[in-house]
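We did not get these values from a lab; they are worked out from the coordinates using the rules stated. What you are looking at is a predicted structure, and each value in this text was computed from that prediction instead of being measured. Cβ placement follows ideal geometry from the backbone for every residue including glycine, while neighbour counts extend to all protein chains displayed.
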Amino acid sequence: MLPKAKSTSGPLYPAYLPTRPDGFTATIDVPPFEGDEPGARADPSKPNLLKSGVQATNVTPRIGSEIRGVQLSELTKEGLDEVALLAAERGVLIFRDQDFADIGFDRQRDLHPTMGYPEGTGPEFHVVYADEKAGNLRTLLGQRTSYDLWHVDQTFTSNVPSTTFFWVLEMPESGGGDTAFTSLSAAYEALSPTFKHVLAPLSLLHTSASVGEVARVGTERALKEAVSTIHPLVIRHPVTGKPSLFVNPTIARKIEGMLPEESDSILKFLHEHIRSLDFSCRLKWEKGSVVVWDQRSVAHSAVPDFRDGERRHVVRIIPYGSVSQPAFPDLYSKTDEV
Ligand SMILES: [Fe+2]
């Protein structure tokens, strides 16, 4: 184990430190609503985003594009719709050399391409922060052999989180703290026609009493405050129309209508399957990087490998898209609990 690092100065972006004012409760229970899908109205040739001088290179053929030569802050509304479409197609986009971190809360919120949310709520800023006092994900989870925690954010409501913006304010001085992504559509494609047929009718119970939430507030409170919903195990992507293997290892741990051993055994296989290097990529943050990804077709994991006590400060905005739909409605059946 490396010696504990000491932070030598305060955070570069103190206004973005996470706070929980007295009486604050996060909005987790969101009733179903008509979600906005900006990617669906974008021009497929993306003339406003992929102008001359803009370079988009594949991170791998199956997932991820790295984009240079364009400022998100200067895109038109049409250009932002095209960002949502490209994110749906490529799973995850990494925009380099952005001024996004420095344009302020209001413009960050306004520039976000997916503004759909139910009345009375709003897209929220989520701060992921680690330092000497706050600790890091390893502190939260306790001793383990490894700390992969593959998941899709906040899938416990009928509307599913969509095009997510995640931008870096400060990275650990000694490196590390990458974010990993895996394509749930490529993972689905790799399965045999016979197994795909087995999965098509199935649905999963998603609950806010996730592994991370239980570690944060304790089992009793997490269960008491739990919000749950049922999504098809294979969803149809609302923009691309592609099937997506919509598993979520930390949030969805029960196949509806199955006995525990049956459900556990299928989910164990699927959770191992989506981690494959065949479908995944790992993004290294640089100052000025903004990552945009589509939560319907991509799962992600933090890589909390940076030294204890070092500061890592990242912010994201998660909007809600449309209500999940089964990829194969004719085969899909919502089964009753056993
Ligand atoms: Fe997450």
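Assorted remarks:
- Cα-Cα separations in the chain greater than 38 Å, expressed as whole percent: 12 percent
- Simple spin-label estimate for residue 99 and residue 325 in nanometres, 7 Å along Cα-Cβ: 4.0 nm
- Shape category assigned to region 141-299 from the gyration tensor of Cα positions, a/c cut at 1.5: oblate
- Extension gain from residue 268 to residue 282, taking 0.36 nm per residue of separation minus the Cα-Cα distance: 2.8 nm
- Gyration tensor (alpha-carbon) shape descriptor, region 139-178, a/c threshold 1.5: oblate
- Taking the fewest neighbouring Cβ atoms within 10 Å as the starting point, the ordered list for 268, 242 is 268, 242.
- Number of Lys pairs (Cα under 24 Å; 8 or more positions apart or on different chains) in region 35-323: 12
- Net length available on complete extension from residue 58 to residue 144 is 27.6 nm, with 0.36 nm assigned per residue and the Cα-Cα distance removed.
- For residue 177, nonlocal amide neighbours, meaning residues 5 or more places apart or on other chains whose placed amide H falls under 5 Å from its own, are 305, 306.
- Backbone N within region 267-294 under 14 Å of label point (7 Å from residue 194 Cα along the Cβ vector): none
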